[in-house]
Amino acid sequence: MAAAVASSDSVSIPSVNKAWVYPEYGRSADVLKFDPNVPVPEIKEDQVLIKVVAASLNPVDFKRMLGYFKDYDSSPPTVPGYDVAGVVVKVGSQPLTKPKRIGSLAEYTAVEERVLALKPKNLSFVEAASLPLAIETAYEGLERLELSAGKSILVLGGAGGVGTHVIQLAKHVFGASKVAATASTKKLNLLRSLGADLAIDYTKENFEDLPEKFDVVYNAVGETDRAVKAVKEGGKVLTIVRPVAPPAFLFLLTSTGTVLEKLKPYLESGKVNPVLDPSGPYPFSKTVEAFAYLETSRATGKVVVDPIP
């Protein structure tokens, strides 16, 4: 889990709280059930208890509900959700022994201190909740690609939760000489506003057929066999979506709060901004609908649930 937090001096903590739970693995978001009596998690060493204000959804959340990771995940019942913005209300002192079952789609959640960062002062809780996994995946992926000033990059899926941050970070933090990105027709202006020098309409042209090739390719949508055709000889192709076609390599995030703290000046100065899907934020009671929308793969930026009671 990744989190952007504030702090509180004293809060009365209940023994149970409202949460969305999947009691078993399913085939869609319909497996989620609202439960008003989920025990508030006991916090362990290096954890804090957070009163959740807002939470954002990620593709990994519904993949987890579908059982993609059941071989090494905690078994249901589980409260989904990794991204959270909220207020720290308690600090713990017991050892962590099992994967977490209480995620961010609840009134309270337990979070390891190492994944926490203070909320940027200029951002709302909704905006802050949209950041953690997406912006960390974007930043660390660009580091793995060894993007640096003077290099060019192609971003596949530029209007998605990760892609919107890849564009901004590549342009304003890593100093890319040229940023190209793909999206559908209606989202091309968004790509340009984020810093893309070349906005490619994937409904009208094949990016791999462009005469220009790129130093690195960040693939956030799949079709890696096409992505590898867009990179210069000796360049690098990173994908966050399986399957992987050589010479591309798969990147999986190990979340810490370090990246959030590192990027805080860029967020507070407005050089890098959250991008929220205009359909939201979804109220807590509409969490199933929020997941159903996320599964369409049509979201722009991040889908956020707020307010959480």
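Structure notes:
- For TYR68, the requirement of being of a type in the set (Ser, Thr, Tyr), within 18 Å of the chain's Cα centre (by Cα) and under 19 Å from GLU295 (Cα atoms) is met.
- The lone exception for PRO283 - which of (1) over 14 Å from the mean Cα position of the chain (by Cα); (2) surrounded by 15 or more Cβ atoms within 10 Å (Cβ to Cβ); (3) under 23 Å from VAL111 (Cα atoms) it fails: (2)
- The listed residue being at pLDDT 95 or above, open to solvent by less than 20 Å² (accessible area, probe 1.4 Å) and touching a Gly at 6+ places or on another chain (Cβ under 8 Å), out of VAL221, VAL216: VAL216
- Residue within segment 113-133 that is open to solvent by less than 10 Å² (accessible area, probe 1.4 Å), more than 17 Å from the chain's Cα centre (by Cα) and closer than 25 Å to VAL38 by Cβ present: no
- Taking the criterion of being in contact (Cβ under 8 Å) with a residue 40 or more places away in the chain and part of a loop (DSSP other than H, G, I, E, B), the residues of segment 149-182 that qualify are LYS151, GLY157, GLY158, ALA159, GLY161, VAL162, VAL173.
- Here GLY301 clears all of (1) buried (at least 23 other Cβ atoms within 10 Å of the Cβ); (2) over 16 Å from the mean Cα position of the chain (by Cα) except the condition numbered (2).
Table: residues versus (1) open to solvent by 60 Å² or more (accessible area, probe 1.4 Å); (2) modelled with pLDDT under 95.
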{"residue": "ALA4", "(1), (2)": "no, yes"}
{"residue": "LYS33", "(1), (2)": "yes, no"}
{"residue": "VAL38", "(1), (2)": "no, no"}
{"residue": "GLU42", "(1), (2)": "yes, yes"}
{"residue": "ASP46", "(1), (2)": "yes, yes"}
{"residue": "ASN58", "(1), (2)": "no, no"}
{"residue": "ASP71", "(1), (2)": "yes, yes"}
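- A Cβ distance below 8 Å, combined with a sequence gap of six or more or placement on separate chains, defines the contacts here; from segment 272-283, residues that are in contact (Cβ under 8 Å) with a residue 60 or more places away in the chain and more than 20 Å from GLN168 (Cβ to Cβ) reach residues that are open to solvent by less than 30 Å² (accessible area, probe 1.4 Å) and outside any loop (DSSP other than H, G, I, E, B) in the pairs PRO281/ALA54; PRO281/VAL126; PRO281/VAL304; PRO281/VAL305.
- Segment 87-100, subset buried (at least 18 other Cβ atoms within 10 Å of the Cβ) and within 28 Å of LYS70 (Cα to Cα), residue modelled with the highest pLDDT: GLY92
- Filtered residues of segment 240-278 (kept if of a type outside the set (Ser, Thr, Tyr), in contact with a helix residue (DSSP H, G or I) (Cβ under 7 Å, 6 or more places away or on another chain), open to solvent by less than 40 Å² (accessible area, probe 1.4 Å) and assigned to a loop (DSSP other than H, G, I, E, B)): ALA245, ALA248, PHE251, GLY257, VAL272, PRO274, VAL275
- Against the test of being in a loop (DSSP other than H, G, I, E, B), touching a residue at least 60 places away in the same chain (Cβ under 8 Å) and open to solvent by 10 Å² or more (accessible area, probe 1.4 Å), the options GLU140, GLU146 yield a single qualifying residue, GLU146.
The values are calculated or read from the model by the stated rules, or taken from the named source; none is laboratory data. Given the structure is predicted, the values throughout are model-derived calculations rather than measurements. Quick reminder, even Gly has a Cβ in these numbers, built from the backbone with ideal geometry, and neighbours come from all protein chains shown. Side chains are part of the model used for accessible areas, which takes the heavy atoms of the whole protein and leaves out ligands, DNA and RNA. Shrake-Rupley method; radii C 1.70, N 1.55, O 1.52, S 1.80 Å.
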